[in-house]
Amino acid sequence: MTTITANSNMSAALKTGRTSWVWYVILGVALIAVGLLASINLFATTIVSVIYIAAMMLVGAVFQIAHAFAARNWRRRTFDLISGLFYGAASAILIFDPILSAVDIALVIGALLIAAGIFRIATALRDRSRTGWGWVLASGIATVVVGLLIVLTWPAVGLGLLGAMLTIDLLFQGFGFLAFGIVLRRLAS
């Protein structure tokens, strides 16, 4: 019974996808265009990203503070109020100096990539008896190298890192949706 239901649901989903392939292509092309636009000036894209993050944090802070006044328990109210104030202070720092914030965020990203790469390498070395451990090791080494490149070129890299990351993400998403739409188009014919 479950297999029949799953097959009919999959069939319905595939039929829907086949008829809406053009929307995936449009989304893919739009994301590619936005990614290319973002790549024109990585510094400006970085600053816009930091300001967007700060604005969302400020909205979150306002909601946390509002929630604090709705809480009935004084401990919960105090915790929510302090948490909201810290979140608001962090967003104010980002808004006050988005360039310094971008540089600082780049350093944190570099350090976290180095740490993640080291853990990946340790995991690969621990699992040497498993098939494919070399790929995990290679991934860890590549992650450490990228992290080191960021840290060693810091602070200059901070002025465009977030913009570059956003640009790459937009382009990859765009090409992914475009390819998915094209595949759906082929399945429809």
With θ set to phi - 60° and the Karplus curve 6.51 cos²θ - 1.76 cosθ + 1.60, what are the ³J(HN,Hα) couplings of region 77-85 in order, to the nearest whole Hz, using x for Gly and Pro?
-> 4, 5, 4, 5, 5, 5, 4, x, 5
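Pulled fully out, how much extra length does the chain show between A188 and V22, if you take 0.36 nm times their separation in residues and subtract their Cα-Cα distance?
Details: separation 166, 0.36 × 166 = 59.76 nm, distance 1.10 nm.
Computed gain between A188 and V22 is 58.7 nm.
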Projected area averaged over orientations for region 36-133, convex hull of C-alpha atoms, nm² | 10.6 nm²
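Could you check how many percent of all C-alpha pairs in the chain are farther apart than 26 Å?
Numbers: 10683 of 17766 pairs.
Summing the P(r) tail past 26 Å for the chain gives 60 percent.
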What residue among G147, G160, G134 shows peak mean-square fluctuation when the chain is described by a Gaussian network model with Cα springs under 10 Å?
-> G134
Please calculate how many Å² of accessible area region 64-139 carries per residue, with a 1.4 Å probe and no DNA, RNA or ligand atoms counted.
-> 71 Å²
Ignoring trypsin sites (Lys or Arg not before Pro) buried by more than 10 other Cβ within 10 Å or outside DSSP loops, the longest site-free run in the chain is 1-71
Could you give log10 I(q)/I(0) at q = 0.25 Å⁻¹ for region 18-81, computed by the Debye formula over C-alpha point scatterers of equal weight, without solvent?
-> -0.97
With labels modelled as points extended 7 Å from the Cα through the Cβ direction, what inter-label distance (nm, one decimal) is found for T153 paired with F172?
-> 1.7 nm
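What's the carbon and sulfur percent of the chain's accessible surface, probe 1.4 angstrom, rounded to a whole number? Write out the running numbers ahead of the final one.
Numbers: 9490 of 12620 Å².
Whole-percent figure for carbon plus sulfur exposure: 75.
The values are calculated or read from the model by the stated rules, or taken from the named source; none is laboratory data. Small disclaimer: the values here were computed from a predicted structure and weren't measured. Methodologically, a virtual Cβ is constructed for each residue, glycine included, from the backbone with ideal geometry; neighbour enumeration extends over all protein chains shown. Heavy atoms of the whole protein, side chains included, go into the accessibility calculation; ligands, DNA and RNA do not. Shrake-Rupley method; radii C 1.70, N 1.55, O 1.52, S 1.80 Å.
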